[in-house]
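Quick notes on the structure that follows.
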Amino acid sequence: PVRTITEDGAPRGRKHIALWNPPLIQRDDGTTSRRGPLSVAVRLLPELVRRGMRTICFARTRNSVELILRYIRERARGARDRQQVADQIDAYRGGYLPSERRRIESKLFGGDLGAVVTTNALEVGIDVGGLDGCIVVGWPGSVCSFMQQSGRAGRSHGESLVFLIAGQDPIDQWFIRHPDTLFGSSPENAVIETDNPYIVARHLICAAYELPLSGADADLM
């Protein structure tokens, strides 16, 4: 007999989600464009840290992660209060040495960091827990990714605050103008080709790490 579990019983507090559409600005050549989401994040993230909110900030690319962190540190130069906040913010992405990633993870889990700027490297697989805020810089590509990223904050009984900062892309603007399609739709189906030898080999390695293989598992190889 199979019993279907359809409701999430994990503890969570109230979550506030703000959809932020940066303003249109006038260029010197007479054209108008929307302010970039990175520039909004550069100002918003230190403010959340200053207010004591431990925050995770997701950017789409490794380059964006480094730019956000660099601009935050540049804006902090010469201002002691800003420098103290900037020192509590670090970056996390693929490409770092394993020792660097473990060091940042340890500081984040231990509460020594006020915020971390990351790619989707921290979207799944690592229980960061205990975060108060989340900033998603630009549409992450799917409803599933947005739910995963926004779910990184407020994983206990405390309240949490999530910002989705829209870019100029049409899909970003669609969700800003039609929030019901974001909160009212189910995440996309996860599709995987189980006969793909490259996928199977990778999953086999992960499974063996979790539970060492034995002779009884020979038919899986």
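The values are calculated or read from the model by the stated rules, or taken from the named source; none is laboratory data. Only a predicted model underlies this, so the values are computations on that prediction, with no experimental measurement involved. With ideal geometry, Cβ positions are generated from the backbone for all residues, glycine too; neighbour counts draw on all protein chains shown. Only protein heavy atoms, including side chains, enter the accessible area calculation; ligands, DNA and RNA are left aside. Shrake-Rupley method; radii C 1.70, N 1.55, O 1.52, S 1.80 Å.
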* So which of ARG82, ARG73 is under 25 Å from SER160 (Cβ atoms) and either assigned to a helix (DSSP H, G or I) or modelled with pLDDT of 90 or more (or both)? -> ARG82
* To do: Scan the stretch 47-56 residue by residue and report those that are touching a helix residue (DSSP H, G or I) at 6+ places or on another chain (Cβ under 8 Å), touching a residue at least 60 places away in the same chain (Cβ under 8 Å) and not polar (S, T, N, Q).
  => VAL49, ILE56
* Asked: Of the residues that make up the stretch 184-198, is at least one part of a helix (DSSP H, G or I) and under 30 Å from LEU24 (Cβ atoms)?
  -> no
* Asked: What are the pairs, 6+ residues apart or on separate chains, where a residue within the stretch 177-194 that is without any contact (Cβ under 8 Å) to a residue 60 or more places away in the chain has its Cβ under 6 Å from a residue that is assigned to a loop (DSSP other than H, G, I, E, B)?
  -> GLU188/SER142
* ASP219 open to solvent by 20 Å² or more (accessible area, probe 1.4 Å), touching a Gly at 6+ places or on another chain (Cβ under 8 Å) and over 23 Å from GLY13 (Cα atoms) -> no
* Asked: Among the listed residues ALA201, ALA121, which satisfies the condition of being assigned to a helix (DSSP H, G or I) and closer than 30 Å to ASP219 by Cα?
  -> ALA201
* Scan the stretch 1-29 residue by residue and report those that are under 23 Å from TRP139 (Cα atoms) and among the β-branched types (Val, Ile, Thr). => ILE17, ILE25
* To do: Scan the stretch 184-195 residue by residue and report those that are surrounded by 11 or more Cβ atoms within 10 Å (Cβ to Cβ) and of a type outside the set (Asp, Glu).
  => PRO187
* **Filter pass, ALA153 being of a type in the set (A, V, I, L, M), under 17 Å from LEU48 (Cα atoms) and touching a strand residue (DSSP E or B) at 6+ places or on another chain (Cβ under 7 Å)** => yes
* Asked: Got at least one residue in the stretch 161-173 being at pLDDT 90 or above, on the phi < 0 side of the Ramachandran plot, assigned to a helix (DSSP H, G or I) and surrounded by 15 or more Cβ atoms within 10 Å (Cβ to Cβ)?
  -> yes
* Structure fact -> Per the list (1) touching a Ser or Thr at 6+ places or on another chain (Cβ under 6 Å); (2) surrounded by 17 or more Cβ atoms within 10 Å (Cβ to Cβ), residue check on ILE72 breaks on (1)
* Asked: Within the group ARG34, ARG77, which residue is surrounded by 14 or more Cβ atoms within 10 Å (Cβ to Cβ) and of a type in the set (Lys, Arg)?
  -> ARG34
